[in-house]
1. Of the residues D72, D59, D40, only one is open to solvent by less than 30 Å² (accessible area, probe 1.4 Å), of a type in the set (D, E, K, R) and without any contact (Cβ under 8 Å) to a residue 40 or more places away in the chain; which?
2. Restricting to the range 1-21, name every residue that is part of a loop (DSSP other than H, G, I, E, B), more than 10 Å from the chain's Cα centre (by Cα) and in contact (Cβ under 8 Å) with a residue 40 or more places away in the chain.
3. For the range 37-48, name all the residues that are at pLDDT 90 or above and either more than 12 Å from the chain's Cα centre (by Cα) or under 18 Å from L84 (Cβ atoms) (or both).
4. In the range 7-20, how many residues are open to solvent by less than 90 Å² (accessible area, probe 1.4 Å), out of contact with any helix residue (DSSP H, G or I) (no Cβ under 9 Å at 6 or more places or on another chain) and modelled with pLDDT under 85?
5. What are the residues in the range 35-54 that are under 14 Å from V74 (Cβ atoms) and out of contact with any helix residue (DSSP H, G or I) (no Cβ under 7 Å at 6 or more places or on another chain), if any?
6. Please enumerate the residues belonging to the range 8-36 that are closer than 16 Å to W80 by Cα and out of contact with any strand residue (DSSP E or B) (no Cβ under 8 Å at 6 or more places or on another chain).
7. Does any residue of the range 26-33 turn out to be open to solvent by less than 50 Å² (accessible area, probe 1.4 Å) and β-branched (V, I, T)?
8. Yes or no: L24 assigned to a strand (DSSP E or B) and modelled with pLDDT of 85 or more?
Amino acid sequence: MFKEFPTLATSVAFLRWCVQPNHLYAIFNFSSGGFGVQIDPGLEYIIVWGAGEHGEYGDWMGDGDRLASALDHVRTLVWWFESLSNAVE
């Protein structure tokens, strides 16, 4: 994602929580708001949230890897927040 959207690299903070130390949280901040991504390597799922939306992506029903769906969700949020930020400037 950083190669596709270089601005993400300057707007991200990575966090870990002591209760679930194997989970990685990436929080992205824009002047118009932000969004987050939680990666759970143990259960192999990704949660994406922001702009009033929440999506969970995993292979719980055996329908295949949902990484592409999670990345599409992130792309939509990047576009949304970049559009809002550009409108404010």
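The values are calculated or read from the model by the stated rules, or taken from the named source; none is laboratory data. In this text the structure is predicted, and so the values were computed from the model without any measurement. Virtual Cβ from ideal backbone geometry, glycine too; neighbours counted across all protein chains shown. Side chains are part of the model used for accessible areas, which takes the heavy atoms of the whole protein and leaves out ligands, DNA and RNA. Shrake-Rupley method; radii C 1.70, N 1.55, O 1.52, S 1.80 Å.
1. None of the other options fit; the residue is D40.
2. E4, F5 - these are the residues of the range 1-21 that are part of a loop (DSSP other than H, G, I, E, B), more than 10 Å from the chain's Cα centre (by Cα) and in contact (Cβ under 8 Å) with a residue 40 or more places away in the chain.
3. Hit for the range 37-48 is V48, nothing else.
4. Total satisfying the criteria: 1.
5. G36, Q38, I39, I47, W49, E53, H54
6. Matches in the range 8-36: F30, S31, S32.
7. No, the range 26-33 contains no residue that is open to solvent by less than 50 Å² (accessible area, probe 1.4 Å) and β-branched (V, I, T).
8. When the stated conditions are applied, L24 passes them.
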